[in-house]
1. Within the set of other residues whose C-beta is less than 14 Å from the C-beta of residue 88, count the net charge using Lys and Arg as +1 and Asp and Glu as -1.
2. Once fully extended, how much extra length lies between residue 339 and residue 78, figured as 0.36 nm per residue of separation less the alpha-carbon to alpha-carbon distance?
3. Given 0.36 nm per residue, what is the gain on full extension from residue 158 to residue 62 after removing their alpha carbon distance, in nm?
4. Among 140, 106, 23, which one shows the highest mean-square fluctuation when the chain is modelled as a Gaussian network with alpha-carbon springs under 10 Å?
5. For Cα pairs less than 8 Å apart in space and 6+ apart in sequence, what is the mean separation divided by the residue count of the stretch 185-354, i.e. the relative contact order in percent?
6. State, as an integer percentage, the relative contact order of the stretch 308-373 based on alpha-carbon contacts under 8 Å between residues 6 or more apart.
7. Could you tell me which GluC sites (Glu not before Pro) in the stretch 244-352 are loop residues by DSSP with no more than 13 other beta carbons within 10 angstrom of their beta carbon?
8. Considering the chain as a Gaussian network with a 10 Å cut-off on Cα pairs, which listed residue, 312, 324, 295, attains the greatest mean-square fluctuation?
Amino acid sequence: MTFAIITHVPHTAAGAHYFAYAPYVREMNIWAKHVTELIVVAPLVKSERTAVDTAYHSPKIKFLPVDSFDVLSASGLLKTLLKIPTISWQIYKAMRSADHIHLRCPGNIGLLGCVIQIAFPSKSKTAKYAGNWDPKSKQPWTYKLQQWILSNTFLTRNMQVLVYGEWEGSTKNIKPFFTATYTEADKVPIITRNLKDPIHFVFVGALVAGKNPLYAIQLIERLVEKGHQVRLTLFGEGKERQQLEHYCSVNKLENCVVLKGNQTKDTIQKAYQDSHFVILPSQSEGWPKVIAEGMFWGCVTIATKVSCVPFMLDFGNRGLVLNMNLEKDSAVIESVLNDQALFDSKQMKGAAWSRGYTMDVFESEIKKLLLDS
């Protein structure tokens, strides 16, 4: 089977190997195990690989490079209009050659893929919508357009659309799905965490406004002011790093907040195993792997109620739901810091839930999707 991937994820090349953001590539390598050839349509950039990049494992891969684009400004829109014909032709060629078409949405390349796939109604297709599918959420119009096309069973035929969470009013081609990081073999016993000083928190994600890393730091600052011996380690890079470091310096938080940049999967895993809490005050998510990963290793999750996060946390029974109010949120965290039994209960419930979503189960579900297509 020839499997065509249409994605906006930037790639780099080294010889015959192609690299991209590791969580995405690890997922695509699962699909690749069950097909004979990959065609990848994606932006190809000239930059150094980072600690969060990894390579495709497929022995037979054809890469069709395209330019990335945006429609956020007048100049960007003009450039986009010039680029679209060439990008669309690359996507069309990949779809024409493929036995199975796989779209990665939401994204600008995915949007073009949503439109062009209409020309192939008889081909088997899947789309992974990795963002927030909640129809009531505020999202860019391009995201809403992708949701509309994918949900329209007249325009979009022979496709299963994989989304995070179950949403009322979904069409028959919308399939609740999940993602995973760890395997059944990784299910070693959870390390006991006693609530003795210091208490460790971990943030994993891009240091950008949408992930709200500053709010995570401010929560720790508030807990320190209340007399708690707490520590926060942030993993990730982004344009807000300098601002965050400045905030920590001005407010004398260097002893309780550490920024470690991008790190390997093993380093992140060790951080989860050594921490009491994983915190993600994000404005928008799909299925935040950080939450599932932290819970897998015994962290109690603290996260905002976006997308399917309330379901992941069982509406607070296996984690803490943020209200984005420092006084209220710090008080809720304090209630757990002062109650070992409550912490233990949330920890074990979270771990039990997360460990039901392993790579083994994920691969089994992917095989079913390919067999049913």
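No lab work stands behind these numbers, since they all come straight from the coordinates. Since the model is a prediction, treat every value here as computed from it, not as a measurement. Backbone-built Cβ (ideal geometry, glycine too); neighbour counts: all protein chains shown.
1. Working: positive: 83, 93, 96; negative: 67.
So the surrounding residues net to +2.
2. Taking residue 339 through residue 78 to full extension adds about 88.2 nm, to one decimal.
3. Working: separation 96, 0.36 × 96 = 34.56 nm, distance 2.42 nm.
Gain on stretching residue 158 to residue 62: 32.1 nm.
4. Answer for the Gaussian network model of the chain: 140.
5. Computed over the stretch 185-354, the figure is 22 percent.
6. On the way: 25 pairs, mean separation 18.5, N = 66.
Answer for the stretch 308-373 is 28 percent.
7. Numbers: sites: 245, 254, 285, 293, 327, 334; in loops: 254, 285.
Qualifying residues, ordered by number: 254.
8. Of 312, 324, 295, the Gaussian network model singles out 324 as fluctuating most.
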